[in-house]
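Below is one structure, written out as structure tokens; the observations come after it.
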Amino acid sequence: MSKYILNQNKQDSKSGENYELHNEETCHHLPDPENRLFVGYFDNCHDAKARAKERYPLMSSDIDGCYHCCNSCHNE
């Protein structure tokens, strides 16, 4: 299981501004520690993204997977 976090600051991307979901253990593009919101420990980014949307409902429509560490959850 990997630890997933969400950047509490919106990031610019081709699809618009998004709150990026990151695998904290493998990503080299993590937000600063003070901007990280804990999502939980999951086996994959799909489950982590679903939990992030539940945990942070005001951000849910703009949550996207990081292109680098959660590519299969990026722009889905």
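What to note about this one:
- Across 45, 27, 66, mean-square fluctuation computed from a Gaussian network of the chain (C-alpha pairs under 10 Å connected) peaks at 27.
- Calculated mean residue ellipticity, 222 nm, the chain: -4500 deg cm²/dmol, from DSSP H runs (n ≥ 4) at -39500 (n - 2.57) each, averaged per residue and rounded to 500.
- For the chain, with +1 on Lys and Arg beta carbons and -1 on Asp and Glu, the positive-most of 41, 68, 23 along the dipole: 41
Laboratory data are not the source of any read-out in this text; all were calculated from the coordinates shown. None of the values given here were measured: they were computed from a predicted structure. Don't worry about glycine lacking a Cβ; one is built from the backbone with ideal geometry, like all the others, and counts go over all protein chains shown.
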